[in-house]
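**Q** The following block contains the structure, expressed as structure tokens.
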Amino acid sequence: MSGPLAIIQARVHSTRLAEKVLLPLGGKVLLRWTWEAAVDALGKDNVVIACPAADRERLQTAVPEAEIFGWDGPEGDVLGRLAACAREYRGTTGTVLRVTPEDWPPVLWRDVTTVETLLELQAGVEDPVAREHVGDLLHGPVAPIEINTPEDYDRARRQVGDVQ
């Protein structure tokens, strides 16, 4: 792999909207929309889905051709999962794009950082809330729609013509 690494953060057990990464939208699940956008922009070799190890099989079923990094750490430690994935695929240097399937339409350049920064944050941030809400640490712009509630999901469905 070379160039920026897009790490798609995904988990099945979202606390605000259950299984949101697997919700269908315009004939595809949200995770597939995000994965395809990242692959189109960066190439398949520069895209990986990072998830809790327990979710790996379900996400692999949703996007069989995707590279999946299953992490054994705590599910809510998104920062730990992101840093571990970055280190696994890029060592200690390189650019990382943190991408989430909840951004609609998919936003690849929202959270741009480096492996070095992620490893520093991993070592220095102890607050569990901050470790779960990594976007707050990376200061990315707000997505056009962030799908976290049934109402957000309905707005996205209307955009792709799934509902009137």
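The values are calculated or read from the model by the stated rules, or taken from the named source; none is laboratory data. In this text, all values refer to a predicted model and were calculated from it rather than measured experimentally. Glycine gets a Cβ as well: all are built from the backbone with ideal geometry, and neighbour counts include every protein chain shown.
**Q** I'm trying to understand the selection: among the residues of region 60-78, which are acidic (D, E) and out of contact with any helix residue (DSSP H, G or I) (no Cβ under 9 Å at 6 or more places or on another chain)?
**A** none
**Q** Of all residues in region 1-16, count the ones that are touching a Leu at 6+ places or on another chain (Cβ under 8 Å) and either on the phi > 0 side of the Ramachandran plot or surrounded by fewer than 21 Cβ atoms within 10 Å (Cβ to Cβ) (or both).
**A** Total meeting the criteria: 3.
**Q** Next question, about the same structure. Answer with yes or no whether R56 is touching a strand residue (DSSP E or B) at 6+ places or on another chain (Cβ under 6 Å), charged (D, E, K, R) and free of Cβ contacts under 8 Å to residues at least 60 places away in the same chain.
**A** Criteria met by R56.
**Q** Further, regarding this structure: Kindly indicate the residue of region 62-74 that is of a type in the set (G, A, S) and under 29 Å from G26 (Cβ atoms) and also surrounded by the fewest Cβ atoms within 10 Å (Cβ to Cβ) among those meeting that condition.
**A** So the residue we want is G70.
**Q** Oh, and also: Go through region 1-29 residue by residue and tally those that are more than 18 Å from N148 (Cα to Cα) and among the aliphatic types (A, V, I, L, M).
**A** Summing the residues that are more than 18 Å from N148 (Cα to Cα) and among the aliphatic types (A, V, I, L, M) in region 1-29 gives 4.
**Q** From the list G76, G70, which residue is in contact with a Pro (Cβ under 9 Å, 6 or more places away or on another chain), closer than 28 Å to P128 by Cβ and modelled with pLDDT of 95 or more?
**A** Of G76, G70, the one residue that is in contact with a Pro (Cβ under 9 Å, 6 or more places away or on another chain), closer than 28 Å to P128 by Cβ and modelled with pLDDT of 95 or more is G70.
**Q** Condition test on R56, is it under 23 Å from I147 (Cα atoms), modelled with pLDDT under 95 and either surrounded by fewer than 23 Cβ atoms within 10 Å (Cβ to Cβ) or touching a Cys at 6+ places or on another chain (Cβ under 7 Å) (or both)?
**A** Against the criterion (under 23 Å from I147 (Cα atoms), modelled with pLDDT under 95 and either surrounded by fewer than 23 Cβ atoms within 10 Å (Cβ to Cβ) or touching a Cys at 6+ places or on another chain (Cβ under 7 Å) (or both)), R56 does not qualify.
This table checks each residue for (1) touching a residue at least 40 places away in the same chain (Cβ under 8 Å); (2) out of contact with any strand residue (DSSP E or B) (no Cβ under 8 Å at 6 or more places or on another chain).
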position	(1), (2)
E67	no, no
G80	yes, no
A130	yes, yes
A156	yes, no
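**Q** Right, here's the next one. Does at least one position in region 7-15 carry a residue that is among the polar types (S, T, N, Q) and closer than 16 Å to Y153 by Cβ?
**A** Yes, region 7-15 contains a residue that is among the polar types (S, T, N, Q) and closer than 16 Å to Y153 by Cβ.
**Q** If you don't mind, another one. Which residue out of T93, T100 is β-branched (V, I, T) and in contact (Cβ under 8 Å) with a residue 24 or more places away in the chain?
**A** The match here is T100.
**Q** Ok, one more. For region 15-52, give me each residue that is part of a loop (DSSP other than H, G, I, E, B) and either touching an Asp or Glu at 6+ places or on another chain (Cβ under 8 Å) or within 13 Å of E65 (Cα to Cα) (or both).
**A** L17, G26, G43 - these are the residues of region 15-52 that are part of a loop (DSSP other than H, G, I, E, B) and either touching an Asp or Glu at 6+ places or on another chain (Cβ under 8 Å) or within 13 Å of E65 (Cα to Cα) (or both).
Residue-wise test of (1) hydrophobic (A, V, I, L, M, F, W, C); (2) under 24 Å from H13 (Cβ atoms); (3) at pLDDT 90 or above.
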{"site": "R98", "(1), (2), (3)": "no, yes, yes"}
{"site": "P101", "(1), (2), (3)": "no, yes, yes"}
{"site": "P106", "(1), (2), (3)": "no, yes, yes"}
{"site": "D111", "(1), (2), (3)": "no, yes, no"}
{"site": "L118", "(1), (2), (3)": "yes, yes, yes"}
{"site": "D127", "(1), (2), (3)": "no, yes, yes"}
{"site": "L137", "(1), (2), (3)": "yes, yes, no"}
{"site": "G140", "(1), (2), (3)": "no, yes, no"}
